[in-house]
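In what follows, a structure is listed as structure tokens, so that the remarks can point back to it.
The values are calculated or read from the model by the stated rules, or taken from the named source; none is laboratory data. These numbers were taken from a predicted model, which means no experiment stands behind them. Glycine gets a Cβ as well: all are built from the backbone with ideal geometry, and neighbour counts include every protein chain shown.
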Amino acid sequence: MTLPIYALHENPEWFPPFARAFAERGVEVVEWVLTDGVLDLDSAPPEGIFWSRISASSHTRGHTLSKDYTRAVLSWLEAHGRRTVNGRRVLELEMSKVDQLTALRAAGIETPRTVAAIGRERILEAARGFPVPLILKHNQGGKGLGVRRFDTYDELEAYVGSTDFEEPVDGITLVQEYVQAATPRITRVEIVGGEFIYAIDADTARGGFQLCPADACEIDPSTGRPITPPGATIAPEIGQQLFSLREGFDHPIIGTYIDFAARNGIEVLGVELIESADGRLLTYDVNTNTNYNANVEAVAPRSAPGALADYLVRLASEGDAAAA
């Protein structure tokens with residue numbers, strides 16, 4: 001018998017690909033949905049492997065408490081020596097782009113020029129010295145939350161002073177250089193357990209700034225039509241794919257990302273990069289609750305949810321052997 005595997009999450013719509021991967025291997029995974037609950041700090045946690053995939057966008061689904069509930073649960077688990085995957089430290093990276101960017105830079109990875117404005121009234125001050133166009137984004141993001149492009153300072157000032165302004169949930173807005181891509185795409189590198197799985201390309205002409213690869217992100221449930229996100233220059237059509245497998249991607253940055261993940265204790269991640277028109281390779285986002293696109297999975301040389309399930313099963317087996 002191996003140790004049980006627990007999946008800590010808050011969004012059942014995103015979980016089916018992982019549930020299928022475990023089911024295909026005949027492995028039961030216990031879903032622990034962290035939207036609300038009771039945590040007895042005088043009790044000991046169950047034995048097991050605890051995989052956390054809480055999203056920075058959980059508050060957009062009405063799960064405002066999930067971030068802090070997960071902090072409490074992971075602290076409790078780790079204090080009792082339980083094996084967590086993407087544990088307490090990684091949760092903070094997921095919740096803060098400031099944390100991500102500073103960690104990337106500490107690892108020698110180039111990122112876009114960014115200034116964090118703490119409070120709405122400091123955004124214009126933070127934007128001084130930036131060439132236009134520039135973009136704003138939320139520090140606690142996911143799904144492109146709060147990402148907007150501004151082509152003039154007047155346009156920026158008008159937005160910040162208007163009722164259309166999107167207040168970030170943690171009060172931190174990032175002012176960031178707008179990176180003109182050499183081609184209208186970004187690339188996302190998927191890593192599980194220190195191993196490169198595959199890379200995908202996302203069509204930024206149709207996907208804009210909201211490049212969530214999960215199937216649930218593609219269609220507006222109220223209209224049944226594809227969502228046209230901010231930043232898109234071409235409206236997506238039904239059946240049109242925003243994501244594709246990037247075959248033959250063997251850039252040295254992959255090894256750098258694997259080292260970065262090891263340095264920061266991240267075991268499951270998708271790292272997003274953009275190749276700029278001026279020849280730079282810039283890394284701008286680290287996803288630690290990474291989702292996988294069904295169309296990419298259909299043609300990929302191996303399954304990312306499958307690789308994740310295999311990794312967790314291996315940890316569960318090793319953990320049981322160590323406890324014996």
- Message: Among the residues of segment 1-46, what is the count of those that are touching a residue at least 60 places away in the same chain (Cβ under 8 Å), out of contact with any Asp or Glu (no Cβ under 8 Å at 6 or more places or on another chain), surrounded by fewer than 17 Cβ atoms within 10 Å (Cβ to Cβ) and not aliphatic (A, V, I, L, M)?
- Response: 3
- Test G108 against the stated conditions and say whether it is over 20 Å from the mean Cα position of the chain (by Cα), farther than 28 Å from T256 by Cβ and in a loop (DSSP other than H, G, I, E, B). no
- K143 fails exactly one of (1) basic (K, R); (2) part of a loop (DSSP other than H, G, I, E, B); (3) at pLDDT 95 or above, namely (3)
- Task: Could you please find all residues in segment 269-285 being buried (at least 23 other Cβ atoms within 10 Å of the Cβ) and either over 16 Å from E195 (Cα atoms) or of a type in the set (G, A, S) (or both)?
- Result: G270, T283
- Query: If the Cβ limit is 6 Å and pairs must be 6+ apart or interchain, which residue in segment 255-272 that is assigned by TED's automatic domain parsing to the domain that holds R53 and over 16 Å from N289 (Cα atoms) pairs with which residue that is of a type in the set (G, A, S) and part of a strand (DSSP E or B)?
  - Reply: none
- Message: Criterion first (touching a strand residue (DSSP E or B) at 6+ places or on another chain (Cβ under 7 Å), surrounded by 16 or more Cβ atoms within 10 Å (Cβ to Cβ) and either among the aromatic types (F, W, Y) or not assigned by TED's automatic domain parsing to the domain that holds E10 (or both)) does L101 satisfy it?
- Response: yes
- Message: For a quick check of your reading of the model, give me the residue pairs whose first member lies in segment 286-315 and is under 16 Å from A19 (Cβ atoms), whose second is of a type in the set (D, E, K, R) and assigned to a helix (DSSP H, G or I), with beta-carbon atoms closer than 8 Å and at least 6 apart or on different chains.
- Response: N289/E94; A294/D215; S303/E297; A304/E297; P305/R20; P305/E297; G306/E24; A309/E24
- Query: Would you call I266 modelled with pLDDT of 95 or more, closer than 24 Å to G141 by Cβ, assigned to a loop (DSSP other than H, G, I, E, B) and within 19 Å of the chain's Cα centre (by Cα)?
  - Reply: yes
- Would you confirm whether any residue within segment 85-92 is over 15 Å from G142 (Cβ atoms) and either free of Cβ contacts under 8 Å to residues at least 12 places away in the same chain or in contact with a Pro (Cβ under 9 Å, 6 or more places away or on another chain) (or both)? no
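Okay, residues lined up against (1) outside any helix (DSSP H, G or I); (2) at pLDDT below 95; (3) touching a strand residue (DSSP E or B) at 6+ places or on another chain (Cβ under 8 Å); (4) within 20 Å of I200 (Cα to Cα):
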residue	(1), (2), (3), (4)
A232	yes, yes, no, yes
G239	yes, yes, no, yes
L282	yes, no, yes, yes
V286	yes, no, yes, yes
N289	yes, yes, yes, yes
D320	no, yes, no, no
- Failed condition for S317, given (1) in the same structural domain as Q241 (by TED's automatic domain parsing); (2) more than 19 Å from the chain's Cα centre (by Cα); (3) of a type in the set (S, T, N, Q), with all others met? (1)
- Query: With respect to the numbered conditions (1) closer than 29 Å to P4 by Cβ; (2) modelled with pLDDT of 95 or more; (3) surrounded by 21 or more Cβ atoms within 10 Å (Cβ to Cβ), which one is the sole condition not fulfilled by V296?
  - Reply: (1)
- Given (1) free of Cβ contacts under 8 Å to residues at least 12 places away in the same chain; (2) touching a Leu at 6+ places or on another chain (Cβ under 6 Å); (3) within 23 Å of R314 (Cα to Cα), where does G81 come up short, assuming only one miss? (2)
- Within segment 112-155, tally of residues that are in contact with a Leu (Cβ under 8 Å, 6 or more places away or on another chain), surrounded by 19 or more Cβ atoms within 10 Å (Cβ to Cβ) and either closer than 24 Å to S58 by Cα or in contact (Cβ under 8 Å) with a residue 60 or more places away in the chain (or both): 9
- Out of the residues in segment 238-268 that are among the aliphatic types (A, V, I, L, M) and within 23 Å of P184 (Cα to Cα), state the one that is surrounded by the most Cβ atoms within 10 Å (Cβ to Cβ). L242
